[in-house]
1. Could you list, in sequence order, the residues of the stretch 1030-1061 that are acidic (Asp, Glu), without any contact (Cβ under 8 Å) to a residue 40 or more places away in the chain and more than 14 Å from Ser1016 (Cβ to Cβ)?
2. Residue by residue through the stretch 848-903, note down the ones that are among the charged types (D, E, K, R), closer than 30 Å to Ala31 by Cβ and without any contact (Cβ under 8 Å) to a residue 60 or more places away in the chain.
3. What residue, among those in the stretch 240-271 that are modelled with pLDDT of 85 or more and assigned to a helix (DSSP H, G or I), is nearest to Leu201 (Cα to Cα)?
4. For the stretch 618-722, which helices (runs of 4 or more DSSP H) that fit wholly inside it have 3 or more residues that are surrounded by 15 or more Cβ atoms within 10 Å (Cβ to Cβ) and at pLDDT below 65?
5. Would you tally the residues in the stretch 552-567 being part of a loop (DSSP other than H, G, I, E, B), touching a Gly at 6+ places or on another chain (Cβ under 8 Å) and either closer than 16 Å to Asn376 by Cα or modelled with pLDDT under 65 (or both)?
6. Filter the stretch 444-485 down to the residues that are closer than 17 Å to Glu367 by Cβ, of a type in the set (D, E, K, R) and in contact (Cβ under 8 Å) with a residue 40 or more places away in the chain and list them by number.
7. Scan the stretch 864-881 for residues that are assigned to a loop (DSSP other than H, G, I, E, B), closer than 17 Å to Met906 by Cβ and not charged (D, E, K, R) and jot them down.
8. Residues of the stretch 810-836 being buried (at least 16 other Cβ atoms within 10 Å of the Cβ) and touching a Pro at 6+ places or on another chain (Cβ under 8 Å), which ones?
Amino acid sequence: MAKKTKVKRPEELKFYKRLILSQYMLGLFGARELKDLVKGMKDPKLEAIDPEGVSEFSKHMLEEFGECMTIDKVKVQEYDLNIVRHTRAINEQRHQKVVLKYFQYLSLLFVEYYLDMYFNDRDVLLTDLNDYVQRFNDANNPADQVDPYKASDLNKLALWNATGSGKTLLMHINYLQYLHYSKTIESDEKNILLLTPNEGLTDQHLLEFKASGINAIRFSKAGRGAMRHANEVSIIENTKFDIKDGDKRVAVESFGDDNLVFVDEGHRGSSGLAWKQYRDMLCKKGFSFEYSATFGQAIKAAGKKDLTQEYARCIIFDYSYKYFHADGFGKHYNILNLADDGENHIKRLYLTASLLTFYQQKKLYQENGREFARFNIEDPLCVFVGSSVTAVRTEKGEKVSDVVDILQFLEQFMCSPTTGVADIKRLLSGNTGLLDNRERDIFRDSFAFLLGLGKNPEDLYADLRKVLFNCSSSEAVMHVENLKGVQGEIRLRMGENAPFGVINVGDDGDLLKLCGEAGLETGSVDFSHSLFHTINASNSSVNFLIGSKKFTEGWNCWRVSMMGLMNVGRSEGSEIIQLFGRGVRLKGYEMSLKRSSHLSKERLELTIPKQISLLETLNVFGIRADYMRQFKEYLDEEGVDTEGTHPMRRTMPVIRNYDSAKVKRLYTLKMREDLDYKKHARKPTLSISDTLGVIVLDCYAKLQFESSRLRYDHEVTKNVDTLKAKHRAFFNYDEIYFELQHHKNEKSRHNLNLSKAAIIALLERSDWYKLLIPADELELRSFDDYKRWQRIAITLLQLYCDKFYEAEKRKWETPHQQYVTLSYEDDPNLEVVREGAYDISLDKVTEASQLVVWLDTVIDKAKEARKKRQLFSILETQGDMTVSHAPMHLYSPLFHVAKKNTDITMSPVALNEGEYKFVTDLKGHLEDNKAKLAGHEFYLLRNLSRKGISFFESHSGFFPDFILWVLQGNNQYITFVDPKGMRSMSIDNDKIKLAQSIKDIETRLRLNNPNIVLNSVLLSNTKHAEMEHRSVPRSEWKDNNVFFMEEDGYIGEMIKAILNC
């Protein structure tokens, strides 16, 4: 009888691939995956808000996705203004202002759309979602089907955000978003609740709400009937809910079922799914937002299909760890695990390696702390974590404890110099006998910085004692001391020296007893101050923190650089990832949250300190922790490659198209290198200037001014007005002054002097600005109108400050600018020529893929051309990549990668769509008009962002994309060309006005260089009909050197304008 062939079931979709709501939202913007949407949004310049309260993010999205998004573009602009307003609201009381990252902005944008539809068009939302569900189910196997939405499913949203990605700030803005759209909340009718898993997180949230200016209290049964602030948030641990009231519990039914509920890491508090049952009861007729870094792990651990279905339909945004780390956020990580600690000498060597690794970080920080300060590197801290601090287990008939094991090791290391020195010597040799699965020594090349110090093992051991243990004597005894005045803390110190460590424990008496029985020196001291709570202080002597995994909940610390895990990770599930997330958090340069190795690709002007990566790496040392397996499973579940594969890298040779002598005929602009405006110029003082021109502020449809009376859906004749004395009657000039100070500091203009007198003098005049605003908006109806007018005044003053500062800077710099001859040897735009190659990274490819085979062939051709000193004439395309030769460009090749492709990256970056079209069109025009252009020589060079020539400081400086030279006889025309999207750009924009202001530089330099002509040109890849300011005729744009790439003859028009100046 023939055997039955087993039919292999198709593999089920991983959870992250079934997030139906998130996918639906991406689709509204014309994207299939998050990476499609965020490509191009990662430039830090897009984090700016323009003076009219419009984010650069929204401008980018409308420019890049305007044609494919199905959301009304006007709605997107409204959502953006709401987000900006809410962000400013939570920033009002903050010293360090919140600046939204692209993933935070997108998360908030998605919520804006959802809440708008939920409150204003719920039936349409339900229909649209179910239409999408049907399409999803039609395309997938039965096992992966998602249930249709019911109306009752729509009142829950969840945000999946990695630890360290700012989910608390998102919660605060979600709160404001909900209030904005609901417009019906009354403090005495609807509760606003935040559910947390423990009191530590409750304390942390209270501080965070205060920082954002949101009223919040810890829930108290005794205070339930007291007067409350409007829209006050009550914070309660989900462990305190029950079916009935009790001494320490409160009946969930007593809150009713029409509440606004926020849930932070709900699955970490109550056992099982009780917390979810209570949450559902609380918001049955209300609404809930839920936040977690570990939805995937928690849902997998629960193993319930209905839970999978629910969260697949309510997670609106997925920015889990795989995205967070891939985008360069957070630290690198290095995870080691000693699976078998049966051999004491192996265990000792392994733990000594952990100390040496930590010492290397501390030593590097001590020697270079000032240099690292601008990257917000904190003093390293080592954390040892066990499943339970006081847990005792029986091994080989003996009672043992994880914490006691660690303490005994620390004491033995300190009291046994000979053994310690020998182990350090062995570790530095790179020949420890501790091998990975590829038979390589796991500590080889791990201590390069220490070896570079030139000290012998004896000296390193002695210094390690001082740096880590605050002790130089080998005779000192380690003291384990209970702090009587502080519950649950035990301090560690050597002799009479400052404490080097603290143990955070629930029952300090039990642990102290265990330590005494193990032969450690124990005692109790009167001490009223918590060491644990001073760990973040700059003068803290604590280098080691020991506790169970519980202590990390609600703990906010950026110091953690090493973790020791003891028997952790076998069954903890999502808590392991929470713990890991605490360690990989990083502030980064200018609070970018990014590690330097990634930031260097975006901020080319940055000089990255040597070996800073050592301090931007979390080292995890596990002892029977099973951490590697747990973490690998977690990454697998999230769709992160764990097999050690990396992007494929290639280098493409760069070839000069012209010899040095020809290039040296070209001139370029340069500031004297020994001068800096902020350091050497006299400090400018804000004052009234009659030479700046008129500032224009358009308030029509700008919702940040909070008008709800008028809306315009068609073009109108705009009213021009001013802020008169009656509008300024109740201005708070102190507030205005501090807002301008903040604006000044935000722009790093610390050399600008401001005064209240100058501000008042400016506002008393109206000849320096033009305010476009409906007349009705300047009529007084309530006292809130004064606040709105004050915000308008602040915006006008910010615009004036920008213009004033730029004018003063330009006035000082202009005499110090000079023409210099171009050179392959030192020009920053030609660095790629000096380095000799592009660096290309190809993700998700193999050696056999068509793209790689083709690229390798092209690289071989380029190598051959360079070897023979020939021009590299090529124009080939494979998939999304094009490599081309533009003979007028100073080097070849040039690359273009399709906008949709996110798997190909290179340095210098490839040409974008507009840049590639310009190069191609210029090349074609020159070839087609050789006879007409006889006697003219054309040369082109990419002007690299952050490295090349820039004009003015607004929006992080303006770096035009290209420099174009035209040589005609003795004349040389130098033109800065910038192809760009211009959907929202007005004709008064500084980038457009550069066409006029660059003539001031030309005039000043004409005495010694009468044959050089300077020009600036913008090329709009936005069609004229799609521009916000399309009422401005094409002829006026062209008079200002703006040409439209949609027109066939735009290159000819540009050249004519250049030569006729």
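The values are calculated or read from the model by the stated rules, or taken from the named source; none is laboratory data. Computed from a predicted structure; not experimentally measured. Positions of Cβ are generated from backbone atoms using ideal geometry, with glycine treated the same way; all protein chains shown enter the neighbour counts.
1. Glu1046, Glu1047, Asp1048, Glu1053
2. Within the stretch 848-903, Glu876, Asp880 qualify.
3. Among those that are modelled with pLDDT of 85 or more and assigned to a helix (DSSP H, G or I), it is Lys240.
4. Details: elements: 627-638, 660-663, 677-680.
The helices (runs of 4 or more DSSP H) meeting that bar are 627-638.
5. So the answer is 2.
6. Selection gives Asp463 alone.
7. Looking only at the stretch 864-881, we keep the residues that are assigned to a loop (DSSP other than H, G, I, E, B), and these are 868-874, 879-880.
Cutting the leftovers down to closer than 17 Å to Met906 by Cβ gives us 872, 874, 879-880.
Selection gives Phe872, Ile874, Gly879.
8. Val832
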